[in-house]
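Colleague: Below is the structure I would like to discuss, written out as structure tokens.
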Amino acid sequence: MSKVSVIMTSYNKPQYIGKAIEGILKQTFTDFELLLMDDNSNDETQQVIEGFLTDERIKYFRSDITSDSERAEKIRYAALINKALGMISGQYISYATDDNIFRPQRLEKMVDLLESHEDIKIVYSDSMVFSLEAEGKQKSMHRMAKSITWLAPCQVDHCSIMHRADILPVIYDRWGSYWDEDPQFYFIGDARFFWRLNHYWPFYPINEILDDNYITEISLHTQMRAKDNEKNSILRQLPEQKTCRELRQYLRSLNGARK
Ligand code: TYD
Ligand code: MG
């Protein structure tokens, strides 16, 4: 049993994933398990991962997905997260990706807030987002966590939250799954999960940067902006995508009814 379960999804990011794993292993809070969920990455990525597997806090799972058509059928990271959520032992859950680096106190600060406030179910923090622009330029954005929010979709990233594990059965009972795997939400899978959470609970802020997020050249969000003929084959097979706007509008109507 560990206090915290961290779930990391991974697919083909050999230049980044080592730093992402290290960021977790070097946390000041040490009572965690890391569920490393790899979506059958290339050999280069597998080699980096293998270097870490001697650490007994890591539980490693590798999927058997091979074709891009299978990758487009479901939101892959949602499917891997759902699988991991069936295997966790932690009282608190955090999410990570292969291109996000936790700052050393990321877990400690979130655990502290949850431990000291029994009524709080979900916490979130500031995050720095770095994206590569044309000609190798880097653009950065500071995502703020300032207020208690009932409108987390597309305002918060899943790498910047921690929630209690005991809220999960409520979500499962209502929607038949934890994360929605419907590929219409491929670009906003975390927003869709937060949409579910915000039906019941708000997110509480920690106004401090606790992670650094990298939008890489192969990230879905970089690919999404590419011209149709330059998009990768997973993206070309996706159905029409739902938007944040719809999710946020719906939550606003719920919030109106709540007042
Ligand atoms: P990523 O490409 O980083 O997209 P974004 O632009 O949203 O950051 O992918 C998000 C996560 O999904 C990342 O952890 C890798 C995972 N993933 C899979 O597990 N399987 C896949 O087939 C793809 C494309 C991504
Ligand atoms: Mg990413």
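The values are calculated or read from the model by the stated rules, or taken from the named source; none is laboratory data. Worth saying up front: this structure is predicted, and the values here are computed from it rather than measured. Heads up, the Cβs are rebuilt from the backbone with ideal geometry, glycines too, and the neighbour counts pull from every protein chain shown.
Colleague: Restricting the search to region 195-251, which residues are within 16 Å of ligand 2 (Cβ to nearest atom), among the charged types (D, E, K, R), touching a residue at least 60 places away in the same chain (Cβ under 8 Å) and surrounded by fewer than 18 Cβ atoms within 10 Å (Cβ to Cβ)?
Modeller: Answer for region 195-251, where residues must be within 16 Å of ligand 2 (Cβ to nearest atom), among the charged types (D, E, K, R), touching a residue at least 60 places away in the same chain (Cβ under 8 Å) and surrounded by fewer than 18 Cβ atoms within 10 Å (Cβ to Cβ): just Glu217.
So that you can scan it fast, the table gives a plain yes or no per residue for (1) modelled with pLDDT of 95 or more; (2) surrounded by 22 or more Cβ atoms within 10 Å (Cβ to Cβ); (3) touching a Lys or Arg at 6+ places or on another chain (Cβ under 7 Å):
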| position | (1), (2), (3) |
| --- | --- |
| Ser41 | yes, no, no |
| Glu50 | yes, no, no |
| Arg57 | yes, no, no |
| Tyr60 | yes, no, no |
| Ser69 | yes, no, no |
| Ala72 | yes, no, no |
| Arg76 | yes, yes, no |
| Asp98 | yes, yes, yes |
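Colleague: Moving on. Filtering region 85-96 down to residues that are among the aliphatic types (A, V, I, L, M) and buried (at least 22 other Cβ atoms within 10 Å of the Cβ), which residue is nearest to Asn40 (Cα to Cα)?
Modeller: Ala96
Colleague: A further question on this structure: Which of the numbered conditions does Leu197 fail, given that it passes all the others? Conditions: (1) out of contact with any Phe, Trp or Tyr (no Cβ under 9 Å at 6 or more places or on another chain); (2) away from ligand 1 (no atom under 11 Å from the Cβ); (3) not aromatic (Phe, Trp, Tyr).
Modeller: That leaves (1) as the condition not met.
Colleague: Related question: Hey, can you tell me all the residues within region 64-100 that are aromatic (Phe, Trp, Tyr), over 12 Å from the mean Cα position of the chain (by Cα) and under 20 Å from Glu240 (Cβ atoms)?
Modeller: none
Colleague: Show the residue pairs meeting these rules: Cβ distance below 7 Å; 6+ apart or different chains; first residue within region 7-32 and part of a loop (DSSP other than H, G, I, E, B); second residue polar (S, T, N, Q) and at pLDDT 95 or above.
Modeller: Tyr11/Ser41; Asn12/Ser41; Asn12/Asn42; Asn12/Thr45; Lys13/Thr45; Pro14/Thr45; Thr28/Gln105; Asp31/Ser2
Colleague: I'd like to check which helices (runs of 4 or more DSSP H) are fully inside region 39-141 and have at least 2 residues that are acidic (Asp, Glu) and under 23 Å from Asp190 (Cα atoms).
Modeller: The qualifying helices (runs of 4 or more DSSP H) are 68-73.
Colleague: Which number in (1) surrounded by 15 or more Cβ atoms within 10 Å (Cβ to Cβ); (2) modelled with pLDDT of 95 or more marks the one condition that Leu132 misses?
Modeller: Single failed check for Leu132: (2).
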